[in-house]
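Written out below as structure tokens is the structure these notes cover.
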Amino acid sequence: MKVLGIVAGPRKTGHTARLVEETLKGAEEAGHEVVIYYLSDLEIKPLDEGENGYSYPDDGFNEIMPHIESMGALVLGTPIYYDHVSSRAKLFIDRFYYYSKSHGDEYREKFPDGVKFVNAVTCGWDRADVYGEVVKWLNGRMTNYWKMSIHGSLKAHGTGSHPVKNNEELLKRARELGKSL
């Protein structure tokens, strides 16, 4: 199975990247093919309004599309900024509109059935009980629009004083979650 990892944070060595990478290591150990994209390396533009509805820019999203269309699992990592997913994560999700039924059945059919979804969110706020509504929103988009099954969630809080790279328990959970895909 192909596992697609998406890092929607700005740093390749940041907290979000580390969680996604550790999850993918577990998936790779389980024998899965893994592919990772750091959205900060790609120019992904928003949808444009065209003559016949939305138009889709020719940009970095096109590079990811073949992997989306052949994935069995998606690991999406995003920091939480100002109480929600990062703008990169939101733009990535918005571009999934290409695969929506409202765009056309032939486009929806390009999106694989039965994709497993893992979210990995990070935040600087040092409270474990925050941002559950963001995780719920993110999971809801994936289940409601693309019929993914939620395979697991990872949340790192207080990353300013508790870096992910030092959180052995969380990193172990990420790797085990990847292995279980």
Fill in: Residue pairs meeting the criteria (Cβ under 6 Å; at least 6 apart or on separate chains; first closer than 16 Å to residue 85 by Cα, in region 148-170; second of a type in the set (A, V, I, L, M) and in a strand (DSSP E or B))
154/120; 155/121
Practice prompt. Output the residues belonging to region 2-34 that are outside any helix (DSSP H, G or I), buried (at least 16 other Cβ atoms within 10 Å of the Cβ) and either in contact with a His (Cβ under 9 Å, 6 or more places away or on another chain) or of a type in the set (Val, Ile, Thr) (or both).
Written response: 2, 3, 4, 6, 7, 9, 34
Practice prompt. Tell me, please, whether a residue that is modelled with pLDDT of 90 or more and under 19 Å from residue 5 (Cβ atoms) can be found in region 105-113.
Written response: yes
Worksheet item: Looking at this structure, is residue 26 more than 18 Å from residue 142 (Cα to Cα), small (Gly, Ala, Ser) and either touching a residue at least 12 places away in the same chain (Cβ under 8 Å) or in contact with a Gly (Cβ under 6 Å, 6 or more places away or on another chain) (or both)?
Response: yes
Worksheet item: Can you name every residue in region 63-88 that is outside any strand (DSSP E or B), over 13 Å from residue 110 (Cβ atoms) and open to solvent by 30 Å² or more (accessible area, probe 1.4 Å)?
Response: 63, 82, 83, 87, 88
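Would you pick out the residues in region 97-142 that are among the aliphatic types (A, V, I, L, M) and in a strand (DSSP E or B)?
First pass over region 97-142, keeping only residues among the aliphatic types (A, V, I, L, M): 115, 118, 120-121, 128, 130, 134-135, 138, 142.
Those that are among the aliphatic types (A, V, I, L, M) and in a strand (DSSP E or B): 118, 120, 121.
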Item to complete: Read through the list (1) touching a Ser or Thr at 6+ places or on another chain (Cβ under 7 Å); (2) more than 20 Å from residue 173 (Cα to Cα); (3) surrounded by 19 or more Cβ atoms within 10 Å (Cβ to Cβ), then give the number of the only condition that residue 119 fails.
Response: (2)
Discussion item. Residue under question is residue 50, and the condition is that it be loosely packed, with under 13 Cβ neighbours inside 10 Å, on the phi > 0 side of the Ramachandran plot, out of contact with any Gly (no Cβ under 7 Å at 6 or more places or on another chain) and of a type in the set (Gly, Ala, Ser); does it hold?
Written reply: no
Worksheet item: Pairs under 9 Å by beta carbon, first residue farther than 25 Å from residue 101 by Cβ and at pLDDT below 90 in region 35-53, partner β-branched (Val, Ile, Thr) and assigned to a loop (DSSP other than H, G, I, E, B), six or more apart or different chains?
Response: none
Worksheet item: Just to be sure, is residue 100 over 30 Å from residue 162 (Cβ atoms), open to solvent by less than 30 Å² (accessible area, probe 1.4 Å), polar (S, T, N, Q) and out of contact with any Cys (no Cβ under 6 Å at 6 or more places or on another chain)?
Response: yes
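Per-residue answers, yes or no, for (1) at pLDDT below 95; (2) in contact with a Pro (Cβ under 9 Å, 6 or more places away or on another chain); (3) more than 15 Å from residue 20 (Cβ to Cβ); (4) of a type in the set (Asp, Glu):
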{"position": "132", "(1), (2), (3), (4)": "yes, no, yes, no"}
{"position": "145", "(1), (2), (3), (4)": "yes, no, yes, no"}
{"position": "148", "(1), (2), (3), (4)": "no, no, yes, no"}
{"position": "152", "(1), (2), (3), (4)": "no, no, no, no"}
{"position": "158", "(1), (2), (3), (4)": "yes, no, yes, no"}
{"position": "161", "(1), (2), (3), (4)": "yes, no, yes, no"}
{"position": "170", "(1), (2), (3), (4)": "yes, no, no, no"}
{"position": "173", "(1), (2), (3), (4)": "no, no, no, no"}
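The values are calculated or read from the model by the stated rules, or taken from the named source; none is laboratory data. Because the structure is a prediction, the values reported are computed rather than measured. Cβ sites come from the backbone with ideal geometry, for glycine too, and all protein chains shown count toward neighbours. These accessible areas exclude ligands, DNA and RNA; they are computed on the full protein's heavy atoms, side chains included. Shrake-Rupley method; radii C 1.70, N 1.55, O 1.52, S 1.80 Å.
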